[in-house]
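Comments concern the structure below.
The values are calculated or read from the model by the stated rules, or taken from the named source; none is laboratory data. Bear in mind the structure is a predicted one, so any value in this text is a computation, not a measurement. Note: ideal-geometry Cβ built from the backbone for every residue, glycine included; neighbour counts use all protein chains shown. To get the accessible areas, we keep the full protein, side chains included, count just its heavy atoms, and leave off ligands, DNA and RNA. Shrake-Rupley method; radii C 1.70, N 1.55, O 1.52, S 1.80 Å.
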Amino acid sequence: KERLLSNGWETASAVNMMELYSRLPRAEVSRIESLEFLDEMELLEQLMQHYCLCWATRGGSELGLKEITC
């Protein structure tokens, strides 16, 4: 976030993939998990904590992402 803000972006946010996954609706999580059986949930959590979704805006911060950053 600091890199984006220091390069002229007005707002910047980031969320790791595990946090994003935990905020999905339960029905969607069930659908995703039914696609392939996961027997090592700890490995998935470890992997997803190493990746993030980040975004920055100029001239408007309303991207519809408030529910994942609050």
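Filtering segment 1-55 to residues that are in contact with a helix residue (DSSP H, G or I) (Cβ under 6 Å, 6 or more places away or on another chain) and of a type in the set (Asp, Glu) leaves only 45. Of all the numbered requirements in (1) touching a strand residue (DSSP E or B) at 6+ places or on another chain (Cβ under 6 Å); (2) exposed (fewer than 11 other Cβ atoms within 10 Å of the Cβ), residue 25 misses one, and that requirement is (1). Restricting attention to segment 42-70, and to residues there that are at pLDDT 85 or above and acidic (Asp, Glu), which single residue is least open to solvent (accessible area, probe 1.4 Å)? Once the filter is applied, the top-ranked residue is 45. Within segment 29-41, none of the residues are part of a loop (DSSP other than H, G, I, E, B), modelled with pLDDT of 90 or more and surrounded by 10 or more Cβ atoms within 10 Å (Cβ to Cβ).
Considered as a group, the residues in segment 5-22 that are over 17 Å from the mean Cα position of the chain (by Cα) and touching a residue at least 12 places away in the same chain (Cβ under 8 Å) include one that is surrounded by the fewest Cβ atoms within 10 Å (Cβ to Cβ), and that residue is 8. Each residue in segment 42-59 was checked for being of a type outside the set (Lys, Arg) and in a loop (DSSP other than H, G, I, E, B), and 4 pass.
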